[in-house]
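Contents: one structure, followed by commentary.
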Amino acid sequence: LSATHALAVRPTLTGTELTHPSSDGHVLIHYTLGGLDALPDTQDTQPQNGIPDAIDDVETGMHRVWEEFVQVDGWPAPRVDQGEGGDDRLDVYLRVIEANGYAHYEPLPGGGTTCYMELAHDGRNLGPLTFQSVAGHELHHCLQAAQTTRVDSWIFEATSTWVQYSLFTGAVVVDVARQVLWQTRLSSPQ
């Protein structure tokens with residue numbers, strides 16, 4: 001699940017902050033290997049590239065949604081955040097949170113909105129494909145914010161969930177989660 005809201009300040013990780021720029025240049029992933037926010041699993045096997053697999057999963061999930069919506073479907077890219085988080089890329093913070101992910105909207109001087117995201121530091125425990133889907137879900141919220149923030153939150157959540165479960169398929173846990181969620185939503189649409 002996801003919530004979309006704004007925080008007054010960007011998150012501070014409890015350990016030494018490390019960053020990984022995505023290979024497509026759109027995202028800067030913030031994480032730590034120490035403190036409460038430390039990645040619980042730092043294995044580097046798929047691919048073996050010197051980066052923890054959890055970070056690769058975030059990058060893969062976000063790239064998949066960016067490619068499908070910005071490059072193929074023509075959605076506008078999120079606006080740059082004027083250097084918040086270190087540079088103009090979209091920022092993703094992996095840390096201890098009370099959900100799988102959040103997207104936070106930030107108003108820009110002169111109008112418009114930018115966005116940054118938080119993902120659960122232990123999200124890979126859900127499985128690689130599921131964690132990729134959560135990352136893609138949150139990026140989709142940032143794509144929504146590039147167009148408008150003046151829509152009921154349930155619409156944002158419903159469409160990002162649709163994206164998550166239509167683009168990321170094939171893992172049992174994702175397929176089961178989709179069926180449970182749809183059954184719950186259809187039986188209680190309010």
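Among the residues making up the stretch 27-38, those that are assigned to a loop (DSSP other than H, G, I, E, B) and either open to solvent by 10 Å² or more (accessible area, probe 1.4 Å) or of a type in the set (Phe, Trp, Tyr) (or both) are LEU33, GLY34, GLY35, LEU36, ALA38.
For first residues located in the stretch 96-116 and in a loop (DSSP other than H, G, I, E, B), partners that are basic (Lys, Arg) and open to solvent by 30 Å² or more (accessible area, probe 1.4 Å) and lie 6+ apart or on another chain with Cβ distances below 8 Å form the pairs LEU108/ARG79; GLY112/ARG79. One residue stands out among those in the stretch 39-56 that are touching a residue at least 60 places away in the same chain (Cβ under 8 Å) and out of contact with any Ser or Thr (no Cβ under 9 Å at 6 or more places or on another chain): the one that is surrounded by the most Cβ atoms within 10 Å (Cβ to Cβ), which is ASP41. Is it fair to say ASP81 is open to solvent by less than 50 Å² (accessible area, probe 1.4 Å), within 24 Å of THR148 (Cα to Cα) and without any contact (Cβ under 8 Å) to a residue 40 or more places away in the chain? Taking the combined requirement at face value, the residue satisfies it. In the set (1) hydroxyl-bearing (Ser, Thr, Tyr); (2) open to solvent by 50 Å² or more (accessible area, probe 1.4 Å); (3) out of contact with any Gly (no Cβ under 9 Å at 6 or more places or on another chain), THR16 fails one condition alone, (3). Pairs needed: first member in the stretch 57-70, at pLDDT 95 or above; second member anywhere, assigned to a helix (DSSP H, G or I) and among the hydroxyl-bearing types (Ser, Thr, Tyr); C-beta distance under 7 Å; at least 6 residues apart or different chains. What qualifies is GLY61/SER133. Among the criteria (1) open to solvent by less than 40 Å² (accessible area, probe 1.4 Å); (2) of a type in the set (Asp, Glu); (3) more than 25 Å from TRP154 (Cβ to Cβ), the one GLU67 does not fulfil is (1). Quick check: anything in the stretch 107-125 closer than 28 Å to GLN46 by Cα, open to solvent by 30 Å² or more (accessible area, probe 1.4 Å) and under 10 Å from the mean Cα position of the chain (by Cα)? Scanning the stretch 107-125 turns up no residue that is closer than 28 Å to GLN46 by Cα, open to solvent by 30 Å² or more (accessible area, probe 1.4 Å) and under 10 Å from the mean Cα position of the chain (by Cα).
Of the residues making up the stretch 130-143, none is part of a loop (DSSP other than H, G, I, E, B) and either open to solvent by 10 Å² or more (accessible area, probe 1.4 Å) or not acidic (Asp, Glu) (or both). Just so you know, in the stretch 56-93 the residues that are assigned to a helix (DSSP H, G or I), out of contact with any helix residue (DSSP H, G or I) (no Cβ under 6 Å at 6 or more places or on another chain) and not charged (D, E, K, R) include one that is farthest from THR169 (Cα to Cα), and it is GLY86. Note on the stretch 48-90: among residues that are among the β-branched types (Val, Ile, Thr) and under 20 Å from HIS121 (Cα atoms), the one that is nearest to the chain's Cα centre (by Cα) is VAL58. The residue that is modelled with the lowest pLDDT, counting only those in the stretch 152-190 that are open to solvent by 50 Å² or more (accessible area, probe 1.4 Å) and among the charged types (D, E, K, R), is ARG185.
The values are calculated or read from the model by the stated rules, or taken from the named source; none is laboratory data. Just so it is clear, the model here is predicted, and its values are computed rather than measured. Counting neighbours? That spans all protein chains shown, and the Cβs are built from the backbone with ideal geometry, glycine included. Please note that ligands, DNA and RNA were not included when accessible areas were found on the heavy atoms of the full protein model with its side chains. Shrake-Rupley method; radii C 1.70, N 1.55, O 1.52, S 1.80 Å.
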